[in-house]
1. Under the condition of being within 10 Å of the ligand (Cβ to nearest atom) and surrounded by 19 or more Cβ atoms within 10 Å (Cβ to Cβ), which residue from segment 32-44 is farthest from ALA252 (Cα to Cα)?
2. Can you tell me which residue within segment 244-282, out of those that are of a type in the set (Val, Ile, Thr) and touching a helix residue (DSSP H, G or I) at 6+ places or on another chain (Cβ under 7 Å), is surrounded by the fewest Cβ atoms within 10 Å (Cβ to Cβ)?
3. So the check is Cβ under 7 Å with 6+ separation or different chains; which pairs have a first residue in segment 13-27 that's within 6 Å of the ligand (Cβ to nearest atom) and a second one that's aromatic (Phe, Trp, Tyr) and modelled with pLDDT of 90 or more?
4. Do we have LEU139 as outside the structural domain of GLU228 (by TED's automatic domain parsing), out of contact with any strand residue (DSSP E or B) (no Cβ under 9 Å at 6 or more places or on another chain), surrounded by 14 or more Cβ atoms within 10 Å (Cβ to Cβ) and over 17 Å from ILE292 (Cα atoms) here?
5. Being under 24 Å from ILE364 (Cβ atoms) and without any contact (Cβ under 8 Å) to a residue 60 or more places away in the chain is the filter here; which residues of segment 295-313 pass it?
6. Does segment 1-55 hold any residues that are β-branched (Val, Ile, Thr) and out of contact with any helix residue (DSSP H, G or I) (no Cβ under 8 Å at 6 or more places or on another chain), and which are they?
7. Taking the condition touching a strand residue (DSSP E or B) at 6+ places or on another chain (Cβ under 6 Å) and among the β-branched types (Val, Ile, Thr), does ILE292 pass?
8. Of the residues that sit in segment 54-70 and are in a loop (DSSP other than H, G, I, E, B) and at pLDDT below 85, which one is farthest from the chain's Cα centre (by Cα)?
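The values are calculated or read from the model by the stated rules, or taken from the named source; none is laboratory data. Worth saying up front: this structure is predicted, and the values here are computed from it rather than measured. Here the Cβ is made from the backbone with ideal geometry for all residues, glycine too, and neighbour counts use every protein chain on show.
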Amino acid sequence: MALTAMEVYKNLPKTNCKDCGLPTCMAFAMQVAAKQKALTDCPHLSDEAKEKFAESSAPPMKLIHIGPEGEKGVELGQETVMFRHEEKFYKPPALAVKIPSSLSDEDAAARLNQINDAVFTRVGDEVAVRMAAVEIDGLSADAAAARVKALSENSRVPFVIMGQDPEAMAAAAGAVAAHKPLIYKATEENAEAFVKIAVENKCPRAVGAETLEKLADLTNMAKEQGAEDLILAFDGRKTVRTIRDITMARRAALNKNFRPLGFPAMVDVSLDASTKETVLAGTFVAKYAGIIIINGVDGAELLPIMTAIQNIYTDPQVPNTVEAKLYEVGEVNENSPVLFTTNFSLTYFCVEAEVERSKVPSYISVADTEGLGVLNAYAGDKLSAEDVVKTLAEQKVAEKVNHHKLIIPGLLPSFRAEIEDTSEWKEVLIGPENATGIPTFLAENWK
Ligand code: SF4
C-alpha cells in the first residue's frame with residue numbers, strides 16, 4: 001500500500017541534515033510518498049524503520065544507471081504514471097544506434113564517430129544519440145573484448161553490448177566494466193551465465209522472455225542472485241504484441257506495485273527500412289521504452305524521433321518559455337527590422353530560425369505571455385496592443401533603431417491601428433501568419 005508523506009516523516013530522524021540532497025526531512029518524505037525517492041536514500045534511517053518500510057517505500061519502477069556517473073551516463077526508471085497528463089514522464093528514452101559485429105574495426109570506428117557527432121540543437125535544447133549498441137555476436141571472446149575496448153576509448157556515449165554467447169559477453173563486459181555497459185540480453189537459455197557476468201562486473205543487464213510470466217521468473221531469479229539492476233527487453237519489431245506486453249508490465253509495476261516487472265523497458269526496432277524504423281521508434285517513445293535500439297544514424301531519421309522525445313517528455317504543467325527580452329539575430333544595426341512575438345519557446349525558435357534563414361539581421365522583441373503562443377495569448381487575454389507598446393518601451397527598442405517600423409505577427413492584424421495611434425511605432429507592418437513566411441516577407445518588405 002502507498003505510504004503517505006506523514007507516515008514516512010514520522011519515521012525519519014527529523015534533523016534536516018540535507019544529506020539526502022533535500023533541504024528538510026519533510027521534503028524528503030514528500031518525495032518518498034511521490035515515489036521519487038527510496039526511503040533508503042536517507043543515510044541516517046534507523047534499522048527499525050528500514051525493516052518496517054523496506055518493500056512499501058521503494059519506487060515501483062527501479063532507477064537504473066548505465067555508463068559513467070554524471071552527464072555521460074544514462075538514467076532510466078522511477079516513472080510514476082501511465083499517462084503523461086496525469087503528472088509527467090521523467091526519464092527521456094535513450095536512442096542506441098547499433099554497431100553491427102559484421103563491420104570491420106575501421107568501419108565500426110567510423111560508425112562510432114557518426115554516433116559521437118549525432119548532436120543537434122532543437123528549440124534551444126541539445127538533443128543527441130545517447131548510447132551505442134555494440135553487437136558482438138559472431139566474434140570470438142578475444143575479438144569481442146578488443147572491439148568494445150577500442151571503441152570505448154573514443155566514445156561520447158555508454159554502451160549496450162549485444163550478444164548471446166556467455167564467453168564472448170564475459171570477455172567484452174570485463175574489458176569495459178569500468179564504463180558500466182548494459183549487457184543485452186539475458187534469456188532463459190543463458191540466464192545463469194549472464195547473471196554471473198553482471199554480478200562480477202557490476203553491470204546492469206537486460207532480460208527478455210517469450211511471455212511476461214517467464215520474464216517475471218527471470219527477474220526474480222536475478223534478484224535472488226544479487227543482480228538487481230535490470231532492464232526489461234522487448235522485440236519492438238513485433239509491434240502490436242510488444243505494445244501490449246510493455247503496457248501490461250508498466251501497469252503491473254505502477255498500479256499493482258508488482259516488483260518483478262518494476263524495471264524500465266527497452267526495445268530493439270533496428271530495421272534496414274529507415275522510414276519504418278523511425279515510425280516504430282516514435283511509437284515506443286510514446287509507449288514506455290527507456291532505450292530504443294535503431295540502425296539509423298542519419299539526421300533525417302534521428303530528428304523526428306528526438307522531436308517526439310522532446311514533445312512527450314516535457315512537463316505538461318510547465319509552459320515552455322524563453323526569456324522575455326529583445327533578441328538580436330545576426331549583425332544588427334540601426335536600420336534592422338524589428339519583429340514582435342511571444343515567449344512560447346516553440347514560437348520564438350521558429351521565428352528566430354526563419355529570421356536566420358532570411359539572412360536579414362533583425363531584432364526580435366519577445367513579450368511575456370506566460371509561455372502562450374500568439375493566438376492563445378490573444379484569446380486568453382495575455383496579449384493586447386497595449387502590452388505590445390509596453391513591452392517595446394520596457395525593452396527600449398526605439399533607441400536601437402532609426403526608424404519607426406514594427407513587424408507584428410500576421411495573426412494580430414487588429415493591433416495595428418492602436419499601436420500606431422498610441423506609440424512612436426508609426427508604421428506597423430502585418431507580418432506573415434506563419435513563421436515560414438518571414439524570409440519572403442522580409443525580402444519583399446525590407447529593402
Ligand atoms: Fe532528514 Fe535523512 Fe534527509 Fe537528513 S538525510 S534531511 S535526516 S531525510
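1. Among those residues, the one meeting the criterion is CYS42.
2. Quick first cut of segment 244-282, residues of a type in the set (Val, Ile, Thr) only: 246-247, 267, 269, 275, 278-279.
In the following step, the residues that additionally are touching a helix residue (DSSP H, G or I) at 6+ places or on another chain (Cβ under 7 Å) were identified as 267, 269, 278.
Working: VAL267: 29, VAL269: 26, THR278: 22.
Taking the candidates together, the pick is THR278.
3. Listed pairs, sorted by first residue: CYS20/PHE28; LEU22/PHE28; CYS25/TYR9.
4. Details: outside the structural domain of GLU228 (by TED's automatic domain parsing): no; out of contact with any strand residue (DSSP E or B) (no Cβ under 9 Å at 6 or more places or on another chain): yes; surrounded by 14 or more Cβ atoms within 10 Å (Cβ to Cβ): yes; over 17 Å from ILE292 (Cα atoms): yes.
The answer is no for LEU139.
5. Within segment 295-313, just ASN311 meets the criteria.
6. Applying the first criterion (β-branched (Val, Ile, Thr)) to segment 1-55 yields 4, 8, 15, 24, 32, 40.
Across segment 1-55, the qualifying residue is only THR24.
7. Criteria met by ILE292.
8. ALA58
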